[in-house]
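Each reported figure results from applying straightforward, stated rules to the coordinates on display, with no laboratory input. These numbers were taken from a predicted model, which means no experiment stands behind them. Here the Cβ positions follow ideal geometry from the backbone for every residue, glycine too, while neighbour counts run over all protein chains shown.
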Amino acid sequence: MKFKKEIKGILFDLDGTLLDIDLNRFLLSYNKHLHEIFPNSMTLMEFIKHHSASINKTNKTKKRNFEVFMDEFLLPFNLTKDEAESMLRNYYKNEYLELKQFINPRPESRKVVQHVISKNYKIVIATDPVFIFDAIKTRMTWAGIDDLPFDLITHAENFSTRKPNLDYFREIFSKIELNPEDCFVIGDDHNDMVAKSLGCTTFLIQSLMTHLKEDTPKPDFVGNLRDLIKLL
């Protein structure tokens with residue numbers, strides 16, 4: 001396997017790529033926690049529907065995802081933004097840590113990231129920016145890569161777009177000052193592979209979360225993290 005062009009930047013997806021996650025159980029427990037923390041009269045299923053609808057409001061304006069989410073999420077609650085944000089940040093420092101039980105770290109993850117760093121590529125954690133930085137940093141800790149130097153970590157507080165919106169990737173390229181053709185996108189899903197349509201080189205790591213569509217651009221490479229180390 002060889003690159004057809006010079007690569008200057010590496011974009012890593014997180015969930016399903018640098019760590020294994022039982023996403024359905026993770027999200028159910030996550031929503032149960034929030035349902036308990038935020039006082040409301042909704043059933044759990046009503047809360048999940050509201051929470052999901054609040055997330056889906058993001059990616060449609062120039063406002064940061066977290067701001068858009070909070071504007072919608074707080075509508076049924078008698079809370080100020082400051083109160084709700086404090087509750088949420090406290091949750092991520094405490095109960096959120098219990099969700100580690102649904103995570104399986106990949107031993108190769110740290111090795112491949114360290115290898116990329118040694119090659120002087122610009123390196124990005126390009127996870128869908130739904131969660132605030134605190135939550136993503138914790139999952140990076142579970143993956144064993146939280147102490148490594150990244151040029152950019154995408155999260156709900158610093159991004160106004162989301163996958164698979166191509167503007168999400170354009171926002172990354174603008175921040176790291178590289179062209180799409182200079183970048184190598186590594187992920188496990190359609191939402192990552194779409195970057196090929198902008199000119200990126202792509203690498204698909206198949207996981208339990210992998211879902212490709214009829215219009216998913218064909219990945220340039222398919223393999224695992226060990227294959228990736230050999231390629232780079």
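At-a-glance table
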| read-out | value |
| --- | --- |
| Angstrom value of the Kirkwood radius, inverse mean 1/r, which spans all Cα pairs in the chain | 18.4 |
| Anchor residue 57: lysines whose Cα lies under 19 Å away (excluding residues fewer than 8 positions away in-chain) | 49, 81, 163 |
| Nearest-0.05 FRET efficiency for residue 86 and residue 197, computed from C-beta distance (R0 35 Å) | 0.30 |
| Where only C-alpha atoms are counted, convex hull volume of the stretch 24-100 per residue in Å³ | 98 |
| The stretch 154-232, Rg to Rh (Cα coordinates; Rh as Kirkwood inverse mean 1/r) | 0.96 |
| Choice from 147, 128, 22 with maximal GNM fluctuation in the chain (Cα, 10 Å cutoff) | 147 |
| Part-to-part distance (alpha-carbon centres) for the stretch 200-223 and the stretch 121-135, which is given in Å | 19 |
| Net lengthening on full extension, residue 63/residue 146 (0.36 nm per residue, minus Cα-Cα) | 27.2 nm |
| Selection from 169, 144, 156 lying farthest towards where the dipole of the stretch 142-204 points positive, charges on Cβ | 169 |
| Cross-link partners of residue 111 among lysines (Cα-Cα below 23 Å; sequence separation of 8 or more within a chain) | 2, 8, 100, 119, 122, 137, 230 |
| Antiparallel bridge percentage (DSSP; both residues within the chain; nearest 5) | 15 |
| Given charges at beta-carbon only (K, R positive; D, E negative), |dipole| of the chain in Debye | 580 |
| Protection proxy ranking, peptides 101-107, 211-217, 153-159, 164-170, average beta carbon neighbours within 10 Å, highest first | 153-159, 164-170, 101-107, 211-217 |
